[in-house]
Structures are given as C-alpha cells and as structure tokens.
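The values are calculated or read from the model by the stated rules, or taken from the named source; none is laboratory data. The structure presented is a predicted model; accordingly, all values stated were derived computationally and were not measured. Cβ placement follows ideal geometry from the backbone for every residue including glycine, while neighbour counts extend to all protein chains displayed. Each accessible area value is taken on the protein alone, full model and side chains, heavy atoms only, with ligands, DNA and RNA left out. Shrake-Rupley method; radii C 1.70, N 1.55, O 1.52, S 1.80 Å.
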Amino acid sequence: MARALTLRLPSLTSHFLSPSNGISSLSSSLLRRRRLQSRSLTTQSAASIPTETDDKVKKRVNQERDSVITPRTQDFNAWYLDVIANAELADYGPVRGTMVIRPYGYAIWEAIQDYLNVKFKETGHSNMYFPQFIPYSFIEKEASHVEGFSPELAVVTIGGGKELEEKLVVRPTSETIVNHMFTQWIHSYRDLPLMINQWANVTRWEMRTKPFIRTLEFLWQEGHTAHATPEEAEKEALQMINVYTKFAYEQAAIPVVVGRKSKMETFAGADKTYTIEAMMGDRKALQAGTSHNLGQNFSRAFETLFTDENGQRQNVWQTSWAISTRFVGGIIMTHGDDAGLMLPPRLAPIQVVIVPIWKKADDRTVVLEAAMSVKQVLHYAGIRVKLDDSEQRTPGWKFNFWEMKGVPLRIEIGPRDVSNGSVVISRRDIPGKQGKVFGISMEPSVLEAYIKDKLDEVQSSLLESAISFRDSNIVDVSSYDELKAAVSSGKWARGPWSASNEDEQKVKEETGATIRCFPFEQPEGSKTCLMTGKPAEEVAIFAKSY
C-alpha cells in the first residue's frame with residue numbers, strides 16, 4: 001500500500017548550522033519539494049486505494065502527523081526546527097542564513113511590538129526611522145565599534161551598475177548614523193534629552209545560523225537617547241533594561257536573570273551593557289535583550305555637542321537598547337514540549353480555539369450555530385479566538401494541530417454539550433484528561449469569566465514552571481573545578497568572580513561557557529573569587545549560550 005510521506009527536518013539540521021553549507025538554495029528548494037511531495041502523495045494514497053475508507057485514511061495521516069516532531073530529549077535542535085516548520089512560524093529564505101517569517105510567527109512578533117511600543121511611549125520615546133545604508137567611514141569613527149562589528153558587516157560596493165565612491169554598510173546597528181543626525185539636531189541643553197526608537201531590520205553576516213536565534217537578517221527595535229549628564233544616561237539604561245525584564249516576566253512568562261555584562265562581553269563602544277539572560281529548555285543561555293550606557297564614546301567620535309546652562313560646550317551622554325525577533329525563538333525554547341509550541345496567553349496570536357464536533361448531518365447546524373455564538377461572546381470580550389469549522393479534518397487531527405500551534409485553551413462543542421448549554425475546555429499546559437474540564441456553562445458572563453481566569457492561570461503556570469526549571473539548574477560554585485563540573489553537566493554556574501580578562505577567556509576556551517552577567521541580585525556577605533582566591537565583590541553567572 002502506498003504510504004503518505006511526512007516532512008522530517010532533522011536531516012536539514014546540518015545544512016542550517018554548517019558554515020560551509022548554510023541554508024543553501026538547494027536545501028531550501030529541497031524542503032519545499034518535500035513538502036509538496038508530502039501533500040500530493042498523501043492525497044494520491046487516499047485516492048488510489050478504493051478499499052480504504054476516508055476515516056481510515058484520516059486516522060493513518062493523523063498518526064503519522066503525531067510523529068513528525070522529534071522529541072526534545074532526543075534531539076533538542078531537531079525538535080526546535082520541527083516546531084518552527086510544523087507550527088508554520090518561519091521558512092528558509094533563498095539566501096544562506098536568511099528566513100521568511102510566516103504570518104503566525106510574525107503575529108507573535110507583532111504582540112511583542114504592541115506591548116513594547118506602549119511602554120516606549122509611556123517612558124517618553126518617539127518612533128522614527130533611519131536609512132538602512134550607512135557610509136563605511138561612519139563605522140570607522142569609533143575604534144572599538146568597528147573592531148567589534150567588522151567580521152559581521154555586509155558591504156555594498158556597486159550601485160546603479162557603477163562602483164561607489166564610498167562603500168556602504170548595510171545596517172548592523174545604528175549608533176553611528178544616529179550620532180551623525182544627532183549632531184544636526186542637538187545644539188543646546190534645551191534640546192535634551194532626545195529619546196527615539198526605531199523598528200527596523202538589521203544585517204549581520206553570521207557564519208552559524210539558527211532560525212530566529214541567529215540569522216543573517218533579523219527584525220528588532222533599537223532605542224537611542226542623548227542626555228546632558230552621565231546620571232541621566234545611566235538612569236535611562238537601567239530604566240529600559242527594567243522595561244525588558246518586566247516584559248519577559250509578565251508577557252512572555254520567561255524568568256530572565258537581569259544583570260551587567262563583563263567588560264569582555266560589553267557591547268562594542270559602550271561603557272556598560274545591561275542584559276536579560278534566559279534559560280532555554282536545553283539549559284543554554286539566551287541573551288534576550290540588552291541596554292547599553294554608551295557614555296560619551298560615540299559623541300566624542302562624531303562631535304555630538306551641546307551648550308550647557310553655563311554656556312560651555314559638552315559632549316552628550318548616550319544610551320542604546322534593543323530586543324529582536326530572537327525573543328520569538330526564546331519563547332519556543334522556554335515553553336515548548338514534545339507536542340510543539342506552548343505560547344503564553346498574553347502573546348499568543350490565538351488564545352482560544354473552538355472545535356465543533358458532530359457525527360450526524362442533522363447535528364451539524366445546531367453545533368455550528370452554538371460554536372459561532374461562543375466565538376462572538378469571546379471576541380466581544382477582547383479574547384483572541386478562532387473557530388475551526390473546516391470539514392476536511394477530523395476533530396482529533398484538529399486537537400493535535402492546535403496543540404502543536406501552542407494555543408492556550410481549546411473549547412470543544414458537540415450535540416450533547418449544546419443540549420446541556422455547556423462546553424468542554426482543555427488547557428494546553430496540562431496534557432490529557434487532567435487538563436480537561438466538562439460542563440462549563442455557555443452563558444456569556446459565566447463563560448467569559450471562566451476563560452479569562454483560565455488564561456491567567458495558564459500564564460502564571462508557565463512562568464512558575466520556567467522559574468522552577470531555571471532555579472533547579474543553577475549551581476552555586478566556589479572553585480574553578482566546581483564551575484567546570486557544573487558546566488559539563490549542562491547547568492549554569494554561579495560564583496564569586498574578580499579575576500582578569502585573561503582568566504575569563506581561559507574559562508571560555510576550556511569549558512565553552514562565558515560570563516552571562518553579574519546579576520543585579522547579589523548575595524550578602526564576604527566573597528572569595530573562585531578562580532584567584534582573592535576577595536570578590538560580586539558573583540557572576542557562567543553558562544554555555546546561543
């Protein structure tokens with residue numbers, strides 16, 4: 001008997017991660033061809049076997065679909081790629097290292113944008129936009145900046161068929177062009193503070209890529225501010241990392257560790273870098289957002305000056321801060337399970353999916369009418385709801401599909417439910433019968449209150465689960481041997497640190513771990529550096545990272 005094919009992404013993992021292969025046009029077209037073959041052969045299989053009923057074909061396809069996603073414990077990277085493909089979050093672009101963000105993936109990014117846009121404006125920032133092309137001479141003006149970014153630059157040398165007089169850099173970040181414009185807009189202390197943000201794309205020529213986490217081009221927001229005093233700049237940098245921290249906890253249900261980067265890990269051209277570090281499901285760290293106190297480094301390089309209240313000319317003090325589409329990858333890897341995505345309700349494009357169920361044609365109309373009525377109640381209550389009334393798939397297939405897409409709640413409505421004036425509700429974060437509740441009234445005020453309460457419960461449950469996972473995988477260490485043992489077991493190591501940059505580099509070379517941050521929350525009491533045995537003022541967190 002002919003057999004339906006299913007798409008398996010693990011075979012493409014080597015293409016996505018290899019510096020030599022990357023995401024080639026060949027692998028991209030191969031992926032698309034396999035998808036088309038999967039769809040066409042599934043149809044052909046059903047059509048060419050007259051002795052097999054439609055229900056049997058659907059059952060067989062459903063069973064095969066269940067096996068598409070690689071278990072997380074078997075191969076975390078393959079699981080991640082499977083989830084992205086099957087949940088229709090993104091696809092490979094034709095250029096190595098690029099991705100196409102599909103509507104469902106982009107909707108998650110839009111939810112991130114919606115929240116942060118409000119917070120940025122509440123804190124006094126205005127949106128604007130800067131050009132994507134930057135003169136190469138701008139990049140060269142700040143020495144540490146050009147040194148840090150040179151390996152990742154994409155450079156344009158030909159335009160309109162002619163060689164350009166000056167090379168153009170495709171935006172890797174915007175500190176340089178922002179300062180060029182700030183010099184024209186800032187003249188007096190009355191022009192300060194100047195606080196702007198832009199939503200844009202960025203290009204960095206990464207050699208090892210991973211969808212959402214590290215790609216040739218990605219989307220982000222980048223804030224840039226100029227201030228009259230160093231105190232104002234420091235306050236701003238801390239304010240914005242706190243905005244990111246609150247977003248991570250309250251919206252994404254990701255319990256990030258917030259702190260300061262080491263000098264080695266500080267942004268090129270900054271005095272200080274603050275970061276939020278998230279623990280992924282494989283216990284690697286993800287730098288999920290950063291805020292930089294730039295001091296006067298860029299303003300000196302670009303001569304961004306203002307006249308202070310005493311009539312003296314001064315360089316401005318600056319910050320920059322950013323979150324990118326890598327946060328989408330962080331959500332996937334923090335909350336997802338073997339069934340697929342598990343989205344926090346506050347960021348989920350669809351918070352509730354309604355699946356109507358009937359067997360007899362006579363029941364179809366009454367069930368669909370009830371389902372539509374429930375949808376309208378939830379929609380008017382401000383809940384993002386979808387009614388899956390398609391008739392090409394079985395209810396069981398729909399259950400698996402929407403679980404894989406990470407929808408927090410599912411409502412099931414059948415003929416008996418309609419007769420009883422009630423529905424069945426299942427939670428995505430609690431699998432099986434344990435997460436299913438029967439007999440919830442369809443009465444609008446009761447149903448609306450129940451759904452909102454359950455969405456809040458799911459949001460809290462995801463955060464609590466992530467906190468428990470994080471805390472159980474951070475080990476306190478007091479020696480280098482203990483640090484190495486912790487890192488080799490896949491955990492984060494937290495210990496006192498006052499050693500040199502050379503010692504920090506040694507840790508990186510010997511263990512693969514880096515200092516993720518010096519956490520803002522520090523233990524009290526005297527400390528002894530785990531590497532040198534000398535007094536230390538702070539503990540640092542070491543971990544392998546993306």
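Dipole of the range 104-259 (Lys/Arg Cβ +1, Asp/Glu Cβ -1, origin at the Cα centre): which of 126, 188, 207 lies farthest to the positive side?
So the residue furthest toward the plus end is 207.
If a helix is a whole DSSP H run, which ones in the chain reach 27 Å or further along their own axis (Cα) and hold a mean Kyte-Doolittle hydropathy of at least 0.0? If you can, show how the numbers build up before the last one.
Working: long enough: 25-47 (33 Å, -0.60); 103-122 (28 Å, -0.43); 230-250 (30 Å, -0.70); 361-380 (29 Å, 0.17); 444-472 (42 Å, -0.19).
Membrane-span-like by this rule: 361-380.
Less than 10 Å Cβ to Cβ from residue 476, Lys/Arg counted +1 and Asp/Glu -1: what total charge do the surrounding residues give?
That sum, taken over residues with Cβ under 10 Å, equals 0.
Given labels modelled 7 Å from the Cα in the Cβ direction, how far is it in nm from residue 393 to residue 464?
The two pseudo-label positions are separated by 3.1 nm.
In nm, what is the difference between 0.36 nm times the number of residues separating residue 489 and residue 137 and their Cα-Cα distance?
Full extension from residue 489 to residue 137 adds 122.1 nm.
How many nm separate the modelled label positions at residue 250 and residue 235, each set 7 Å beyond the Cα in the direction of the Cβ?
About 2.1 nm, to one decimal.
Rounded to the nearest 0.05, what FRET efficiency do residue 452 and residue 189 give with R0 = 56 Å and r taken as the Cβ-Cβ distance? Could you check?
0.70
For the range 427-524, give the magnitude of the charge dipole about the Cα centre (Cβ charges: +1 Lys/Arg, -1 Asp/Glu; no others), in debye to the nearest 20.
Dipole size: approximately 560 debye.
Roughly speaking, to the nearest percent, how much of the chain's 1.4 Å accessible area is carbon and sulfur?
Accessible surface attributable to carbon and sulfur in the chain totals 50 percent.
Got a sec? Charge dipole of the chain, +1 on Cβ for Lys and Arg, -1 for Asp and Glu; which of 293, 355, 426 is way out at the positive end?
Projecting each Cα onto the dipole axis, the largest value belongs to 355.
Which one, 371, 334, 486, projects farthest toward the positive side of the charge dipole computed for the chain from Cβ point charges (K/R +1, D/E -1)?
Ranked along the dipole, the leading option is 371.
Which trypsin sites (Lys or Arg not before Pro) does the range 198-282 hold that lie in a coil by DSSP with at most 14 other beta carbons within 10 Å? Mind showing how you got there, number by number?
Values: sites: 204, 208, 214, 235, 246, 260, 261, 263, 272; in loops: 204, 208, 261, 263.
Hits after loop and neighbour filter: 208, 263.
Hey, what's the chain come to in accessible area per residue, 1.4 Å probe, Å²?
On a per-residue basis, 45 Å².
According to the square roots a ≥ b ≥ c of the eigenvalues of the Cα gyration tensor, what is the shape class of the range 87-217, taking rounded for a/c under 1.5, prolate for a/b larger than b/c otherwise, and oblate for the remainder?
oblate
Cα gyration tensor of the range 165-219, axes a ≥ b ≥ c as square roots of the eigenvalues: rounded (a/c below 1.5), prolate (a/b > b/c) or oblate?
oblate
Which pairs break 20 Å Cα to Cα here: 246/508; 261/506; 506/544; 121/246; 398/436?
Too far apart for the 20 Å limit: 246/508.
Among (1) 26.0; (2) 29.3; (3) 24.3, which one is Kirkwood radius over Cα pairs in Å computed from these coordinates?
(1)
Taking a ≥ b ≥ c as the square roots of the eigenvalues of the Cα gyration tensor of the range 235-283, is the shape rounded (a/c under 1.5), prolate (a/b larger than b/c) or oblate?
In terms of gyration-tensor shape, oblate.
At a threshold of 8 angstrom on Cα-Cα distance, excluding pairs fewer than six apart, so keeping six or more, what relative contact order does the range 392-546 reach in percent?
Worked out over the range 392-546, it gives 16 percent.
With only Lys, Arg, Asp and Glu charged, each at its Cβ (+1 for the first two, -1 for the last two), find how big the charge dipole of the range 261-396 is about the Cα centre; round to the nearest 20 debye. Each step should come with its number before you reach the end.
Values: 16 positive and 15 negative charges, 29 e Å.
Its charge dipole is roughly 140 debye.
Between residue 201 and residue 372, what is 0.36 nm times their sequence separation minus the Cα-Cα distance? Round to one decimal in nm.
In short, 57.6 nm is gained.
So for the range 353-447, averaging the separation of alpha carbon pairs under 8 Å that are six or more residues apart and normalising by length, what relative contact order in percent results? Working shown, then result.
Working: 132 pairs, mean separation 27.8, N = 95.
Contact order relative to length: 29 percent.
For residue 506 and residue 481, calculate 0.36 nm times their separation in residues minus their Cα-Cα distance, and state this gained length in nm to one decimal.
7.7 nm
Could you check the spin-label model distance between residue 162 and residue 264? Points 7 Å from the Cα along Cα→Cβ, value in nm.
4.9 nm
Counting other Cβ atoms within 10 Å of each Cβ, which GluC sites (Glu not before Pro) in the range 328-431 have at most 12 and sit in a DSSP loop? Let's see the in-between values first.
Working: sites: 369, 391, 403, 412; in loops: 391.
Qualifying residues, ordered by number: 391.
About its Cα centre, how strong a charge dipole does the chain have in debye, to the nearest 20, once Lys and Arg get +1 and Asp and Glu get -1 at the Cβ?
Dipole size: approximately 2000 debye.
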